[in-house]
Amino acid sequence: MRSEREQRRQRRPILALLGLILILISLVGCFPSKEDLEAVNYTPFGGGDWDVSTPEAQGLDPMLVAELYYNAARLETLYSLLVIKNGRLIAEGYFNEGSIDQKARLQSATKSFTSALAGIALDQGFLSSVDQKMLDFFPEVAGEITDPRKEQITIRLLLQMRAGYPWEETHADLWAGLLSGRYVPLIEAFPLVSDPGTAFHYSNLTSNWLGIIVDRACGTNLKSYAEEHLFAPLGIEPGEWGTDWDGHNNGCGDLHLTARDAAKFGLLYLNGGAYEGNQIVSAAWVRESLQSYTEHAFSEMGGTRLGRYFRDVGYGYQWWSARVGDHHVDFAWGHGGQLIVLVDAFDMVIVTTAYPFYLEHNDQSWKHEKATIDLVGRFVDSLP
């Protein structure tokens, strides 16, 4: 008669096989059926100033788009998802608290707008060169600088995040300085962690200083300048744009736009700075902005890959770049899952807005942010 131990040993392979079968059954249940996908509605809303179309009319498999929106509906913090192809809005959806009129906080995607305004200021002669020194615009602290390396920091290095200042999330004192709202004194107070121009360090303060430079060069605040030279030509009606204690709009974040208006900005860059026949940002500036001056920027922030799909993540002039499958993308990216993704090979812009997790930087916020990034990455990866 077999012992109880032998009986248990013989049962193990059977139990393992049953477990595998149950896992496969559950996985099959996670994939939408053809009927599920055919029931998904992503038809663009009527009205507004967008030309609308369909995936089929623009040469895109509607089932791929349906699967994108099927998956989007399962995300807990996503507000909006738009797909633009060949200049036409082909898919649109709003989720959870999102709506067509919602002006979402774009978080760090704002940095790409600040970059655009620097380019416009350069085109208009308010700035003479990206090689102008940062301290030329901050005379109140220029005489107090104790680290001579800071005298070599240029607008170009601020744009590239290669000025040498540290990422604020690496130390509580740095984070407190970012939240202080008083940014000019921190030019001297915060130490450099590398020689200017030698390494990438993601720094919100460098974007804020860049915004103040544009502000001072043009003699008006960023929002007013943007309303005249960027937003009005695009037909954008911005919401609030947060300011520091001195009234400067924050170059690093806090711009509020609808998803449709964010998509216009993406289309502007996809089309080399032109919109409806008007050259709003010079084509040369767009090309320079979308180059990668740091090839593996995200690795400097502690990650080798952004989510499951975005790899070889680089950085330009306040714009990110990556490889997704066989495709190159450029993108503006904000905390929580604010994305403006350009897929040049498909003449496509993808926009998401989401709960911004304002001042919430933890595992929970990253979990939801990564889910939105993976949503877009999976779709781009699926493109033929």
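The values are calculated or read from the model by the stated rules, or taken from the named source; none is laboratory data. Since this is a predicted model, take the numbers as computed values, not measurements. Every residue, glycine as well, gets a Cβ built from its backbone with ideal geometry; the counts of neighbours run over all protein chains shown. Each accessible area value is taken on the protein alone, full model and side chains, heavy atoms only, with ligands, DNA and RNA left out. Shrake-Rupley method; radii C 1.70, N 1.55, O 1.52, S 1.80 Å.
Residues of the range 158-167 being open to solvent by 20 Å² or more (accessible area, probe 1.4 Å) and aromatic (Phe, Trp, Tyr), which ones?
Scanning the range 158-167 gives a single hit, Trp167.
Where residues in the range 344-370 are out of contact with any helix residue (DSSP H, G or I) (no Cβ under 7 Å at 6 or more places or on another chain) and among the aliphatic types (A, V, I, L, M), which of them is surrounded by the fewest Cβ atoms within 10 Å (Cβ to Cβ)?
Leu359
Kindly indicate whether any position in the range 258-265 is at positive phi and without any contact (Cβ under 8 Å) to a residue 60 or more places away in the chain.
No; the residues of the range 258-265 include none that is at positive phi and without any contact (Cβ under 8 Å) to a residue 60 or more places away in the chain.
With respect to the numbered conditions (1) closer than 18 Å to Phe137 by Cβ; (2) in contact (Cβ under 8 Å) with a residue 24 or more places away in the chain; (3) open to solvent by 40 Å² or more (accessible area, probe 1.4 Å); (4) not basic (Lys, Arg), which one is the sole condition not fulfilled by Asn278?
Evaluating Asn278 over (1) closer than 18 Å to Phe137 by Cβ; (2) in contact (Cβ under 8 Å) with a residue 24 or more places away in the chain; (3) open to solvent by 40 Å² or more (accessible area, probe 1.4 Å); (4) not basic (Lys, Arg) leaves (1) as the failure.
Could you say which residue among Thr220, Thr170 is among the β-branched types (Val, Ile, Thr), without any contact (Cβ under 8 Å) to a residue 40 or more places away in the chain and open to solvent by less than 50 Å² (accessible area, probe 1.4 Å)?
Thr220
Asp261 is checked against (1) over 26 Å from Leu81 (Cβ atoms); (2) charged (D, E, K, R); (3) part of a helix (DSSP H, G or I) and fails just one. What number does that condition carry?
In the conditions (1) over 26 Å from Leu81 (Cβ atoms); (2) charged (D, E, K, R); (3) part of a helix (DSSP H, G or I), Asp261 misses (1) alone.
Given the conditions (1) assigned to a helix (DSSP H, G or I); (2) crowded, with 23+ Cβ neighbours inside 10 Å, and given that Val341 satisfies all but one, which numbered condition is not satisfied?
Failing condition for Val341: (1).
Here is a yes/no grid of residues against (1) without any contact (Cβ under 8 Å) to a residue 24 or more places away in the chain; (2) over 20 Å from the mean Cα position of the chain (by Cα); (3) farther than 19 Å from Ala354 by Cα:
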| position | (1), (2), (3) |
| --- | --- |
| Thr43 | no, yes, yes |
| Gly47 | yes, yes, yes |
| Ala66 | no, yes, yes |
| Tyr69 | no, no, no |
| Ile84 | no, no, no |
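Condition first: closer than 27 Å to His296 by Cβ, without any contact (Cβ under 8 Å) to a residue 40 or more places away in the chain and not in a helix (DSSP H, G or I). Can you find one or more residues in the range 136-147 that meet it?
Checking the range 136-147: not a single residue is closer than 27 Å to His296 by Cβ, without any contact (Cβ under 8 Å) to a residue 40 or more places away in the chain and not in a helix (DSSP H, G or I).
So, Gly239, is that one under 22 Å from the mean Cα position of the chain (by Cα), among the small types (Gly, Ala, Ser), surrounded by fewer than 18 Cβ atoms within 10 Å (Cβ to Cβ) and under 19 Å from Ala332 (Cα atoms) or not?
Answer is yes for this residue.
Does Val184 satisfy the criteria of being over 25 Å from the mean Cα position of the chain (by Cα) and either farther than 23 Å from Pro238 by Cβ or without any contact (Cβ under 8 Å) to a residue 40 or more places away in the chain (or both)?
yes
Among the candidates Phe113, Phe126, which residue alone is aromatic (Phe, Trp, Tyr), at pLDDT 95 or above and assigned to a loop (DSSP other than H, G, I, E, B)?
Matching residue, one of Phe113, Phe126: Phe126.
Tally the residues that are part of a loop (DSSP other than H, G, I, E, B), buried (at least 16 other Cβ atoms within 10 Å of the Cβ) and either out of contact with any Gly (no Cβ under 6 Å at 6 or more places or on another chain) or not small (Gly, Ala, Ser) (or both), restricting the search to the range 283-293.
2
Being at pLDDT below 95, open to solvent by less than 70 Å² (accessible area, probe 1.4 Å) and either in a strand (DSSP E or B) or not polar (S, T, N, Q) (or both) narrows it down to one residue among Gly247, Gly251, Gly266, Gly272; which is it?
Result: Gly247 is the single residue among Gly247, Gly251, Gly266, Gly272 that is at pLDDT below 95, open to solvent by less than 70 Å² (accessible area, probe 1.4 Å) and either in a strand (DSSP E or B) or not polar (S, T, N, Q) (or both).
Considering only residues that are touching a strand residue (DSSP E or B) at 6+ places or on another chain (Cβ under 7 Å) and aliphatic (A, V, I, L, M), which ones fall in the range 203-222?
Leu222
In the range 152-181, which residues are closer than 22 Å to Ser112 by Cα and part of a loop (DSSP other than H, G, I, E, B)?
Correct list: Ile153, Met161, Arg162, Ala163, Gly164, Tyr165, Pro166, Trp167, Gly181.
Right, Glu144: touching a helix residue (DSSP H, G or I) at 6+ places or on another chain (Cβ under 6 Å), more than 17 Å from Arg216 (Cβ to Cβ), modelled with pLDDT under 95 and not small (Gly, Ala, Ser) or not?
yes
Could you tell me which of the residues Leu68, Leu75, Leu81, Leu60 is modelled with pLDDT of 95 or more, open to solvent by less than 30 Å² (accessible area, probe 1.4 Å), in a loop (DSSP other than H, G, I, E, B) and within 29 Å of Val343 (Cα to Cα)?
Exactly one residue qualifies, and that residue is Leu60.
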